[in-house]
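To start, the structure itself, in structure tokens.
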Amino acid sequence: MCLTSKDTGFLPSLIIPGFHELSGGGKRGYVYAAGEAIFISVYGVQTYQRRSTFNFSRTFAFENAGVVLPLTYTEDWRIVESALSYEDYIEELYRRARQIYPDDPTKQDEYVNKNQPGYYWRWEDTQSFLKFQNLLRRYREITSRRTLLLGLIVLNHLASGVDYLVSKELKKAGLENVNFKTFASPDQFSILLNYQF
């Protein structure tokens, strides 16, 4: 397979999944177009859910732990998620410091001072603390799904481009009876060629 400057079909097929098939009246183009529409729609829904979960979690932390978390998901979020209160987290830092510097109290204090957060929080009860952890777990799961969907969208575009190149080569070789299909999933990308006698 080769591309030349006169080849005007590859780029449109890469940008608009199924373009070469749709422009030629082929039914396979609808599969690419439908896949693109589904992936983008689900990605949009996941984006909305991710933002809603994030905003609710931030409000929940303020109302139940008295802390204003950053507008982006940072280490501060993970710290507040990891301990019931500021005091508990400081004690955890001292435990780590004693493990790292078992015989040096000065170094232990330096470690804690270096890593202590610059904000205070205290969860009202264990139930609200656990709910916040569940909210952030859901946020991370949605983030992972968004990443997967973005990969599928890219894969759909690549599959369309490959489809165009293979179809062009088959046509050039006079193999009009070959049925060509691509299959994309999170786990694999495959090409299937069926020759009809």
**Q.** Verdict on Leu69 being over 16 Å from Gly118 (Cβ atoms) and hydrophobic (A, V, I, L, M, F, W, C)
**A.** no
Q) If you go through segment 25-47 one residue at a time, do you hit one that is assigned to a helix (DSSP H, G or I), of a type in the set (Phe, Trp, Tyr), at pLDDT below 85 and surrounded by 15 or more Cβ atoms within 10 Å (Cβ to Cβ)? A) yes
Q.
Looking at segment 3-20 only, could you name the residues that are surrounded by 11 or more Cβ atoms within 10 Å (Cβ to Cβ), modelled with pLDDT of 60 or more and not in a helix (DSSP H, G or I)?
A. Gly9, Ile16, Pro17, Gly18
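The values are calculated or read from the model by the stated rules, or taken from the named source; none is laboratory data. Computed from a prediction, not measured in an experiment: that's the story for all the values here. FYI the Cβ positions are ideal-geometry reconstructions off the backbone, even for glycines, and counts take in every protein chain you see.
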